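Engineer: Here you go, one structure.
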Amino acid sequence: MAGYIVRRILTGLLMIFALTLITYLVFATVPADPGIYLTGLRTTPAQLKAADHALGVDRPIYIQYLHFVQGMLQGNLGTSYASGTPVSSIIRAALPVTASIVIGGAVLLVVTALLIGVGSALRPHTLFDRTLNALIMCGVALHPLVVGLILQSVFVYTIPLAPTSGYCPLTGQGSCGAHAWAAHLALPWITFMLFLLPLYARVIRTQVLGLLTEPHVVAARAKGASEARVLRVHVLPLLIPTLATMLAIDVSTSLMAAIYIEAAFALPGIGTQALQAQVGFVGLDLPVIVGVVTVVATAVIISNVVADIIAAKADPRIVVARRTFS
Amino acid sequence: MANDRLAGRGYWRLAWGRLRHDPLAVASGSLLVIVFFACFVGAPLLAAALGHGPDTIFSNAVHDFRPVGLWTRVPNANYTGEHVTGTTLMVLGADGTVGRDEFLRLLYGGRATIEVALGATLIGVTIGSALGTLAGYLGGRVDGVIAWVTNFALAFPVLLMAIALGATVSDRYSRYTLNGLVEPGVLSLAVFLGVFIWPYPARLVRVQVLELRERPFVEAARMIGSGRRRILRTHIFPHLIPILIPPATIMFATTMLLEASFSMLGVGIDPNTASWGGMLASQIGWLTALASGESISLTSRLVVVPSLAVLLTAGAAALFGEQIRKALDPTGV
């Protein structure tokens, strides 16, 4: 187990280097002049050259990358071209927002998917089951941005149940706090939940239907266990490995969906930061983008390792160490 | 055969029989066929009948920056000032301030969007099943390397880098149209999306191959001296098709949404070429502009029409795939 974790972390580090390297290579081919961030649009070539030199973007791209790696090994992600603030402080401000959306949304997703999946698995092939299934499959076709904008226009503007867009920190003072935090994030959570619900509800339904015919469930019923007990003790715990693995795989997808959810509800998360870093009139704020890429990759790697450990703890038949790199 | 009725029916025929009697499958399948015909056959026919294309601009279709509404007759005229007679029927009105035929753009846009989704799905399934088969069958170090590449592709933040990638990749390759078979920009976007969605089929295929390779019939084939290629081709591959069809339909639906996602970032198919994502993005605006707080009318015809087109087509595809899965595996649930 320990050896497995060490190996996973090492391959994970390799992945972070590969991802950031590709990011550098891709952005190296984009014609951009970050020096304008410092000088403004009205500038002379000499000023521009000096600004480029100050930012360090006049050096070859591989030197810039090695410089970035050197900084990263010391826990320093560089400074933004646009604002001059350290990337780590930009990310420290934006990450709680995105984490709130994704983690809260994931909790809502798991609860809803369990309710729907187990509910329809207990009444298989009834009208209820088939209608729910058909509706859910159509949910695959809903774009999070469109869903978010529709929810916002209905529940913020038409029927004012939710506060207008924006973010309220969980540990904020004054009008902000746990209650305001949840109120501001309720609609983003629902949007996030609807985005992944179809697949999760369907997988849970299939799994529960399969588990209900397993010998240990039949034995439990024969010994007189109530249906509620069968479900609680003999079926639901066995869903943990599947759910953990699925959630880990979807971390990357979730962070991508978060870009659209953040845009719909004007939340200042890391997706918004990455977008803002790419839409300036003058070019691309590479340090911010690479910082976000690093954060996303780290989240993906950590969640995959955690999911593997949870799966192995929940189901002793899964032997973690015998799996390959993945 | 003296008595055909007693002849055994194969796996695929049995599945087809079940599918044919499934009302949901018939409904979603018919909807897909109708959409395909409308876009690929209906669009050029309608354009010929109306006498203008999806990009023809009608100056009379816009009054005070407001496009004409549903079912309007518009006098033929164009900005070049030539004298033209007669009127044109705009079934769904005009497409915003430019003054093009929304209905024709919807049909032509469907072509581009469906081509992207189909192409990306085909590419993704091909790469994914090839790599998944290799990883599952060969195992060991090959499996390890492919697993790492799979995780790499899964962790790659495509949308975060879409703007930069769009600037470098799509512009350069959007002129490839396979001799006019597909709209400009479709091929590069399809390849681009295909390269990033293959991990999903790859994981499925790998697990399935791991299981198949231990089955008695594969062992028997190996025992009588079949080569690795023969075993993969005749004993493993046929078992992969049924498990690939349902995820392929979901990938089709997802890539339709991704096409819209890319348009919303301003790096999708060129806005002048009609596509559903582009039509939607031209109304909702690019994500980067959303933050400016411009209000959007979500109930406007120009938002609802492409949204419904995407919703119905992608939803029907996902539902159809689900019903195919049930028909292929009646013991499963």
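Each reported figure results from applying straightforward, stated rules to the coordinates on display, with no laboratory input. All values derive from a computational prediction rather than experimental measurement. For neighbour counting, all protein chains shown are included, and Cβ atoms are generated from backbone atoms with ideal geometry for every residue, glycine included.
Engineer: Under the 0.36 nm per residue contour assumption, what length would be gained going from the current alpha-carbon distance of residue A:305 and residue A:69 to full extension?
Structural biologist: So the extension gain works out to 82.6 nm.
Engineer: What is the extension gain from residue A:171 to residue A:314, computed as 0.36 nm multiplied by their sequence separation minus the C-alpha to C-alpha distance, in nm to one decimal? Walk me through the numbers before you get to the answer.
Structural biologist: On the way: separation 143, 0.36 × 143 = 51.48 nm, distance 3.32 nm.
In short, 48.2 nm is gained.
Engineer: Starting from the alpha-carbon convex hull of the range A:93-151, give the projected area averaged over all orientations, in nm².
Structural biologist: Over all viewing directions, the range A:93-151 projects a mean Cα-hull area of 4.9 nm².
Engineer: Now a separate question. Peptide B:147-154: average number of partner chain Cβ atoms within 10 Å per residue?
Structural biologist: So the per-residue partner count for this stretch is 6.
Engineer: I've got another one for you. Under the Kirkwood approximation for Rh and a Cα-based Rg, what ratio Rg/Rh is obtained for chain A?
Structural biologist: A ratio of 1.05.
Engineer: Mind checking Rg over Rh on the range A:184-326, alpha carbons, Kirkwood formula for Rh? Mind showing how you got there, number by number?
Structural biologist: Details: Rg = 20.3 Å, Rh = 18.2 Å.
The Rg/Rh ratio comes out at 1.12.
Engineer: Taking R0 as 25 Å, what's the FRET efficiency between residue B:63 and residue B:272 from their Cβ-Cβ distance, rounded to 0.05?
Structural biologist: 0.60
Engineer: Here is a further query. Efficiency by 1/(1 + (r/R0)^6): what FRET value for residue B:20 and residue A:50, r their Cβ-Cβ distance, R0 = 60 Å, to the nearest 0.05?
Structural biologist: 0.20
Engineer: Across peptide A:253-262, how many C-beta atoms of other chains are within 10 Å of each residue C-beta, on average?
Structural biologist: 4
Engineer: Among B:190-199, B:22-31, what's the highest-first ranking by average C-beta atoms within 10 angstrom per residue?
Structural biologist: Details: B:190-199: 21.4, B:22-31: 16.6.
Taking the mean over residues of other Cβ atoms within 10 Å, the ranking is B:190-199, B:22-31.
Engineer: Dipole magnitude of the protein assembly as shown about its Cα centre, charges +1 at Lys/Arg Cβ and -1 at Asp/Glu Cβ only, in debye to the nearest 20?
Structural biologist: The dipole magnitude comes to about 2360 debye.
Engineer: Evaluate the Debye formula for the range A:14-107 with equal point scatterers sitting on the alpha carbons, no solvent, and hand back log10 of I(q)/I(0) at q = 0.13, 0.21, 0.25 Å⁻¹, in q order, two decimals.
Structural biologist: Summing over Cα pairs of the range A:14-107 leads to -0.58, -1.16, -1.32.
Engineer: Please list, short to long, the whole-number percent of alpha-carbon pairs of the range A:159-253 in consecutive 10 angstrom bins beginning at zero.
Structural biologist: 13, 28, 23, 22, 12, 2
Engineer: Say the dipole of the protein assembly as shown comes from +1 at the beta carbon of Lys and Arg and -1 at that of Asp and Glu; which of A:213, B:147, A:287 then lies farthest toward its positive end?
Structural biologist: A:213
Engineer: Please grab the % of Cα pairs in the range B:205-270 that end up more than 13 Å from each other.
Structural biologist: The calculated P(r) of the range B:205-270 puts 70 percent of pairs beyond 13 Å.
Engineer: Next question. Once fully extended, how much extra length lies between residue A:135 and residue A:228, figured as 0.36 nm per residue of separation less the alpha-carbon to alpha-carbon distance?
Structural biologist: 30.8 nm is the gain from fully extending residue A:135 to residue A:228.
Engineer: Measuring from label point to label point, each 7 Å out along Cα→Cβ, what is the residue B:224 to residue A:122 span in nm?
Structural biologist: It works out to 5.1 nm between the two label points.
Engineer: Give me the distance between the Cα centres of the range A:37-101 and the range A:227-302, rounded to whole Å.
Structural biologist: So the two Cα centres are separated by 24 Å.
Engineer: How large is the helix-only mean residue ellipticity at 222 nm for chain A, computed as the sum of -39500 (n - 2.57) over DSSP H runs with n ≥ 4, divided by its residue count, in deg cm²/dmol to the nearest 500?
Structural biologist: Value at 222 nm, helices only, nearest 500: -22000 deg cm²/dmol.
Engineer: Okay, moving on. What is the fewest-to-most order of B:219, B:214 by other Cβ atoms lying within 10 Å of their Cβ?
Structural biologist: Working: B:219 11, B:214 8.
With the sparsest Cβ surroundings first, the list reads B:214, B:219.
Engineer: List the lysines whose Cα lies under 28 Å from the Cα of residue A:313, skipping any in the same chain that are fewer than 8 positions away.
Structural biologist: A:223
Engineer: Here is a further query. Among the complete DSSP H segments of chain B, which ones combine at least 15 Å of alpha-carbon extent along their axis with a mean Kyte-Doolittle hydropathy of -1.0 or more?
Structural biologist: Details: long enough: B:23-37 (21 Å, 2.27); B:102-138 (52 Å, 1.06); B:140-155 (22 Å, 0.95); B:186-197 (16 Å, 2.89); B:199-212 (19 Å, 0.38); B:237-264 (39 Å, 1.28); B:301-328 (39 Å, 1.21).
Flagged H segments are B:23-37, B:102-138, B:140-155, B:186-197, B:199-212, B:237-264, B:301-328.
Engineer: Give the average over all directions of the projected area of the C-alpha convex hull of the protein assembly as shown, one decimal, in nm².
Structural biologist: 38.8 nm²
Engineer: Continuing with this model, one more query. Across all directions of projection, what mean area in square nanometres is found for the Cα convex hull of the range B:200-333?
Structural biologist: If you wrap the Cα atoms of the range B:200-333 in a convex hull and average its projections, you get 11.7 nm².
Engineer: Rounded to whole Å and ordered largest first, report the semi-axes of the equivalent ellipsoid of the range B:236-286 derived from its Cα gyration tensor (root of 5λ). Each step should come with its number before you reach the end.
Structural biologist: Values: eigenvalues 203, 16, 12 Å².
Here the semi-axes work out to 32, 9, 8 Å.
Engineer: While we're on this one: Using per-residue counts of other Cβ atoms within 10 Å, averaged over each peptide, order A:57-70, B:145-158, A:82-95, A:145-158 from highest down.
Structural biologist: Descending mean neighbour count gives B:145-158, A:145-158, A:82-95, A:57-70.
Engineer: Sticking with this one: Given 10 Å bins starting at zero, what is the percent of C-alpha pairs of chain B in each, up to the one with the largest pair distance?
Structural biologist: Histogram of Cα-Cα distances, whole percents per bin: 5, 21, 27, 23, 13, 7, 3, 1, 0.
Engineer: Using just the C-alpha positions of the range A:53-203 as equal point scatterers, what log10 of I(q)/I(0) does the Debye formula give at each q in 0.21 1/Å?
Structural biologist: -1.22
Engineer: Still on this model: Take the alpha carbon gyration tensor of the range B:108-168, find the square roots of its eigenvalues, order them as a ≥ b ≥ c, and report rounded if a/c is under 1.5; if not, report prolate when a/b exceeds b/c, else oblate.
Structural biologist: It comes out oblate by the Cα gyration axes.
Engineer: Same structure again: I'd like the distance between the alpha-carbon centres of the range B:267-284 and the range B:192-238, rounded to an integer number of Å.
Structural biologist: 40 Å
Engineer: Would you please put A:125-131, A:137-143, A:39-45 in order of how densely packed they are, using the mean number of other Cβ atoms within 10 angstrom per residue and starting with the highest?
Structural biologist: A:137-143, A:125-131, A:39-45
Engineer: For the range A:1-65, which semi-axes, largest first and in whole Å, follow from the square roots of 5 times the eigenvalues of its Cα gyration tensor?
Structural biologist: The answer is 38, 10, 9 Å, longest axis first.
Engineer: Now for a different question. How many Cβ atoms of partner chains, on average, are near each residue of B:319-326 if near means within 10 Å of its Cβ?
Structural biologist: Partner-chain Cβ atoms within 10 Å, mean over residues of B:319-326: 3.
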